[in-house]
Amino acid sequence: PVTTIEFSLSKSSDVELKVFDISGKEIETLFGQSNANAGTYKVRFDGLKYSSGIYFYTMLLNGNIVNSKKMISC
């Protein structure tokens, strides 16, 4: 139930990485930074505090969704 999410920025951007449950409710913000520098970032998600199930993480750059992926926590 613990995973590391890695992402790279090619230029400085406002970034948010959020986790949602299957119903679409936001359960956690893993990363939120205004004007994050270009580079590679690693963020850890610890699903031990949540029930087993399907979750989604979504990355927003400058307020726009750029990526969303499914995670399964056992």
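Here, each number is a calculation from the coordinates, and none is a lab measurement. Note that the structure is a prediction, hence the values are computed from the model and not measured. Please note: Cβ atoms are built from the backbone with ideal geometry, for glycine as well, and neighbour counts cover all protein chains shown.
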Grab the Cα-Cα distance for N62 and E28, subtract it from 0.36 nm times how many residues apart they are, and report the gain in nm with one decimal.
-> 10.4 nm
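Please report the orientation-averaged projected area of the chain, defined via the convex hull of its C-alpha atoms, in nm². Before the final figure, lay out each step's value.
On the way: hull surface 18.0 nm².
Computing the convex hull of the Cα atoms and averaging its projections yields 4.5 nm².
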Calculated FRET efficiency, S51 and L9, Cβ-Cβ r, R0 30 Å, to nearest 0.05?
-> 0.40
Could you give me the ³J(HN,Hα) list for segment 14-24, computed from phi with Karplus coefficients 6.51, -1.76, 1.60 and θ = phi - 60°, whole Hz, x at Gly and Pro?
-> 7, 10, 9, 10, 10, 10, 10, 7, 4, 7, x
